[in-house]
Every structure is written in C-alpha cells, then in structure tokens.
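The values are calculated or read from the model by the stated rules, or taken from the named source; none is laboratory data. Here the structure is a predicted model, which means the values were calculated and not measured. Here Cβ is always computed from backbone atoms with ideal geometry, including for glycine, and neighbour counts include all displayed protein chains.
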Amino acid sequence: MTDEHPANFTISDIPAHLDDGAWFHGSPETLSLLTIGSSITRSRAVAEAFSRRPTCLGIDDSGDRIEVCHNGRQAGFLYAIDEPVSDADVYPHPKSSAPALGFEWLTNRPLRLRKIADLPLSDPPCQPDCPRRPRSPFLLMLTFLTSIPP
C-alpha cells in the first residue's frame, strides 16, 4: 500500500481489534531499552511474530482479533514498554504496508522494556513462502530486508 497516515493520525486512531491495551516490542535479542527509531505496536500477536525475524508476515483482521501468519524460524522475546507512551513519543511508521491500521509505530525517544515472555523456537504458522490466505480480502504481506532495527 502507498497510502499515507492522515496528518493527525494518533494513538487513539488505532482500531480496537488491533489494540491489546499496551505497547509491545518483539525481538530475538535480550533488551532492556529501546533506542530512538525502534518499532513498537499495540498488537501482541504482531510483536510476537516480529520477535522471530520473519521475511514474510500475513495479517488477517477480519474477526474480533487479528490472526498473524509468518515464516520466522527463531526463538524470541516479547517485551512490554515499561513506561507511559504518548503521541509525542511515537509516530506512525512511514513505510508501513498498512498505514490505515496504525499497528506499526516508531519511537521518538528511548523507552524502557520489561520482558513478559520467552518465545521458544517453534515451527512458524505459515509455510516459508507465506502461502496462507485470509478469510477476508485484507491481507498484509510484509517482506523485510536482511536486517530490522531492534
């Protein structure tokens, strides 16, 4: 998608089915602090998938909750942001594949993290080329470059 976020897109504009009530970050690395420009999300499922460093991610948002499909093949960690986050602290990811959904945000300042889950190595919920298709017309497929910032 090439749509831009509206100029006044804020945290409160995140659709309810993508908002798990906290800010999350997923990474295969042990962290305690996010740096400026790191990605965070209000969707726990998306952060869990990102922790596995997939090259492909599919999201079905047709139900009450989203379903995430990815091809990541490594263990990871799920973190919660361990301090309040305001609109001044984050901005919508400018290269988001789904800007209208608002689940990809970048940080304007360092943020403290609290590890909330170890995500053991497991088979990904998709085939390596992410062939799974959603039940609805919306499917987000992200293809990542060789490195993703922490």
* Asked: Quick check: is even one residue across the range 113-130 more than 18 Å from ASP19 (Cα to Cα), among the small types (Gly, Ala, Ser), at pLDDT 75 or above and assigned to a loop (DSSP other than H, G, I, E, B)?
  -> no
* Return only the number of the condition from (1) surrounded by 21 or more Cβ atoms within 10 Å (Cβ to Cβ); (2) out of contact with any His (no Cβ under 7 Å at 6 or more places or on another chain); (3) under 19 Å from LEU18 (Cα atoms); (4) at pLDDT 90 or above that SER39 does not satisfy. => (2)
* Give the residue, chosen from ARG52, ARG65, that is free of Cβ contacts under 8 Å to residues at least 60 places away in the same chain and assigned to a loop (DSSP other than H, G, I, E, B). => ARG65
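Take TYR79 and decide whether it is in a strand (DSSP E or B) and surrounded by fewer than 19 Cβ atoms within 10 Å (Cβ to Cβ).
Criteria not met by TYR79.
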* Would you please list the contacts, defined by Cβ atoms under 9 Å and residues six or more apart or on different chains, that run from a residue in the range 86-105 that is among the acidic types (Asp, Glu) and surrounded by fewer than 19 Cβ atoms within 10 Å (Cβ to Cβ) to a residue that is assigned to a helix (DSSP H, G or I) and at pLDDT 75 or above? => ASP87/ILE11; ASP87/SER12
* For GLY72, state whether it is within 14 Å of the chain's Cα centre (by Cα), outside any strand (DSSP E or B) and not charged (D, E, K, R). => yes
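Any chance you could count how many residues in the range 11-49 are of a type in the set (S, T, N, Q), assigned to a loop (DSSP other than H, G, I, E, B) and within 17 Å of LYS95 (Cα to Cα)?
Narrowing the range 11-49 to residues of a type in the set (S, T, N, Q): 12, 27, 30, 32, 35, 38-39, 41, 43.
Those left that are additionally assigned to a loop (DSSP other than H, G, I, E, B): 30, 32, 35, 38, 43.
Then drop every residue that is not within 17 Å of LYS95 (Cα to Cα), which leaves 38.
Qualifying residue count for the region: 1.
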* **Test result for ARG133, in a loop (DSSP other than H, G, I, E, B) and either in contact with a Pro (Cβ under 9 Å, 6 or more places away or on another chain) or modelled with pLDDT of 85 or more (or both)** => no
* Only one of SER27, SER43, SER32, SER38 that is within 10 Å of the chain's Cα centre (by Cα) and on the phi < 0 side of the Ramachandran plot -> SER43
* Asked: In the range 59-76, which residues are surrounded by fewer than 21 Cβ atoms within 10 Å (Cβ to Cβ) and of a type in the set (Gly, Ala, Ser)?
  -> SER62, GLY63, ALA75
* Structure fact -> When every residue in the range 82-96 that is in a loop (DSSP other than H, G, I, E, B) and under 14 Å from SER39 (Cα atoms) is compared, the one modelled with the lowest pLDDT is SER96
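Please tell me if ILE59 is at pLDDT below 80 and in contact with an Asp or Glu (Cβ under 9 Å, 6 or more places away or on another chain).
Details: at pLDDT below 80: yes; in contact with an Asp or Glu (Cβ under 9 Å, 6 or more places away or on another chain): yes.
So ILE59 fits the description; yes.
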